[in-house]
Amino acid sequence: MDSFYHSTRSLLEPVTSKQAILAGIAPDGGLYVSDGVLASPLDLEPLWAGDYLSRARRVLGHLLPDFTEQEVAGCVRRAYGGTFDDPAVTPVTPVGDDWLLELFHGPTSAFKDVALQMLPQLMGQARAGDGRDVMIVCATSGDTGKAALAGFADVEGCGVCVFYPDGKVSDVQHLQMATQAGANVAVYAVRGNFDDAQGEVKRIFADRDLAVRLAGEGVFLSSANSINVGRLVPQVVYYLDAYAQLLGRGAVAMGDEVDFYVPTGNFGDVLAGYYAKRLGLPVGRLHVCSNANDVLCDFLATGTYDRRRPFHKTISPSMDILVSSNLERLLYFASDGDCELVASLMADLAEKGAYTVPAPVMDAIRSTFSGGRADDAMCRETIRRTWEGDGVLLDPHTAVAKSVLDAGEPQGRQRVVLATASPYKFPAEVLAALGEDVAGLDGFAAMDRLAALTGTEPPAPLSALRDRAVRFTEVVDRDAMGAAVERAAGAVFRAGA
C-alpha cells in the first residue's frame, strides 16, 4: 500500500504523514492527500465492540501509517482521556425520529475540539527529534481558533497565532479567544471577513522570505486549520463511532446505510464523512448544509464554484465562508487523482474567482453529496420548533443542518445531524429564536436567561469566561498579518530561549 502523502496539485515530493502534519500545506499550495490509505477499506468489524478511544486508535493508525501503534495509542489517550465531559466523547442522542451526533462536549464546546485535542499530540510525535520550534498559524471563523489555542497552549516547542474576522464572531467566541491563557499564544482580529483572513494565511505559508527568516531562528510554520491533514483525519473517527452507537441501540443493522447532515463552511467536517465512506462505512448521502453563504449548494447544483458573490453576515458565523478550502481534496479524489485538473481549477479560483468542474467529476461528487440551504429565518424557526416539540436545544449552525433535514423527504434510512456547537456559544441568537427580547443583553446575560428559560445549564468552560480578563485586543489589516506572525514567533521563542 502506498502510504505516502502528496499535494493535490502534484505527485512530486511525496512525504510521510508526519511530514505532512508538520508542513500543514504542500509547497505548491495544494493540500496533502494519500492515495493508499483510502484505497482499501478498513476492517470495520473490530470497531463495533470497542469504545471511542479504541476506534480512534484503529482509524488513525490506518490513516497515518508511519505513526507506530504505541505513538497512536499515546496520542489518543492524551487527547480523549478525561478531556471531554461525556464518557462517549461524541454521543448520539435522539431528536424526534432522527439523531444528533453531539460534537460539543470538549473543552471549548465545539466540534473542533475532537481534532484539536488530537493535533497537538500528533504534531508532538511528528516533531520529536526534529529540533525546530513550530509556529501554528490559523484563521478562524469562530471555533477553530479557540480550539487551537486550547489544544496548543503552553505545549513545549509550539507557538500559536490565531486570526479572526473583527466583529464577525459571537460575543462568546470572541471572549474565548481574547481571554486565552498561555505564554505561547497570540490572537489578532482582522479587518475583513474570514475569507480575507484565510487567504492571507495561505499567502503567509507561501512567503519564502518569511520562511527563511524564521528558519534562521529555528522556527517553521504549520497550520491548525483543516487544510492540515492532522486536523482532518481525527474527524473521520466520529462518523464510524456514530454508526457503532446506532448499531448498539438497534437503530441500524450491519450494512444499513445512514445519511449525515453536516453544517458546512470550509468543507472539512463533511469531507471527513467522505473519508469514512471510502474506508467502508455504509454512508448513504452526505448532505452539505449551508446558510445564506450558499456557494457550496450552488456548486453542487451547477458544477461551477463562484466566490464572486455578496458575503452575508448570518447568525451562524462559523459558516460564513465563500472559499471552502477542503473541497480541493474532494476534487482530487472525484477526478481519480487528476492533479493537473485540480491545479488548473485552483488557479482559476485564484485568478478569476470561479471554476467549472467537468461533468464526469461532478457526477462522481453528486453520487454521494447533496446540497441544502437554510437562511436565518429558517434556522430560528427550527430552533424554536425543535425546542418546543422535542425538548432539544440547537445552536444556529446545527439548526442549519436540521432545517435541511426537515425540508427533505425521508429515504428509508436513519438520518444523523452533526451538532457542531453548544447552543450556549450563541445564547442571544438562540434566545431570540425562542421569542425572547435580547436587546441590550451581553453574552453572559443571555446565557443566564437562556438557562433560566429552558432549565438547561451552560457548559462549564463557557460559564468560566466571565471571570477571565481580556488579554488580546489588537486589530490588524490583512496586509499586516505576516508581520504579526513574525512578531508573535519572536515573542514566544526568543522569550523562551
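Brief remarks follow.
- Listed by first and then second residue, the pairs linking a residue in the range 76-97 that is open to solvent by 20 Å² or more (accessible area, probe 1.4 Å) to a residue that is aromatic (Phe, Trp, Tyr) and in a helix (DSSP H, G or I), with Cβ atoms under 7 Å apart and 6 or more places separating them unless they lie on different chains, are ALA88/TYR52.
- Enumerated helices (runs of 4 or more DSSP H) restricted to the range 378-497, each holding at least 3 residues that are under 30 Å from ALA215 (Cα atoms) and among the acidic types (Asp, Glu): none
- Within the range 162-181, not a single residue is open to solvent by less than 20 Å² (accessible area, probe 1.4 Å), on the phi > 0 side of the Ramachandran plot, free of Cβ contacts under 8 Å to residues at least 60 places away in the same chain and not acidic (Asp, Glu).
- A count restricted to the range 239-272 and to residues that are farther than 22 Å from PHE194 by Cβ and of a type in the set (S, T, N, Q) stands at 1.
- Candidates VAL15, VAL95 - the one that is closer than 30 Å to ILE383 by Cα and in contact with a strand residue (DSSP E or B) (Cβ under 9 Å, 6 or more places away or on another chain): VAL95
- Close pairs (8 angstrom Cβ cut-off, 6 or more residues apart or separate chains): among the aromatic types (Phe, Trp, Tyr) in the range 109-128, open to solvent by 20 Å² or more (accessible area, probe 1.4 Å) anywhere: PHE111/PHE104
- When the range 384-396 is limited to residues that are over 21 Å from the mean Cα position of the chain (by Cα) and within 28 Å of LYS313 (Cα to Cα), the one that is surrounded by the fewest Cβ atoms within 10 Å (Cβ to Cβ) turns out to be GLU388.
- Which listed residue, of ARG494, ARG413, is basic (Lys, Arg) and exposed (fewer than 15 other Cβ atoms within 10 Å of the Cβ): ARG494
- Considering the range 170-220, the residues that are aromatic (Phe, Trp, Tyr) and within 26 Å of HIS397 (Cβ to Cβ) include one that is farthest from the chain's Cα centre (by Cα), namely TYR188.
- Inside the range 62-75, residues that are at pLDDT 95 or above and surrounded by fewer than 18 Cβ atoms within 10 Å (Cβ to Cβ) make up a count of 5.
- Members of the range 1-36 found to be part of a helix (DSSP H, G or I) and open to solvent by less than 20 Å² (accessible area, probe 1.4 Å), listed by number: SER17, ALA20, ILE21, LEU22
- Being at pLDDT below 95 and either under 23 Å from the mean Cα position of the chain (by Cα) or farther than 28 Å from PHE333 by Cα (or both) is not true of GLU381.
The values are calculated or read from the model by the stated rules, or taken from the named source; none is laboratory data. These numbers come from a predicted model, not from an experiment. Virtual Cβ from ideal backbone geometry, glycine too; neighbours counted across all protein chains shown. Note: areas computed on protein heavy atoms with side chains; ligands, DNA, RNA excluded. Shrake-Rupley method; radii C 1.70, N 1.55, O 1.52, S 1.80 Å.
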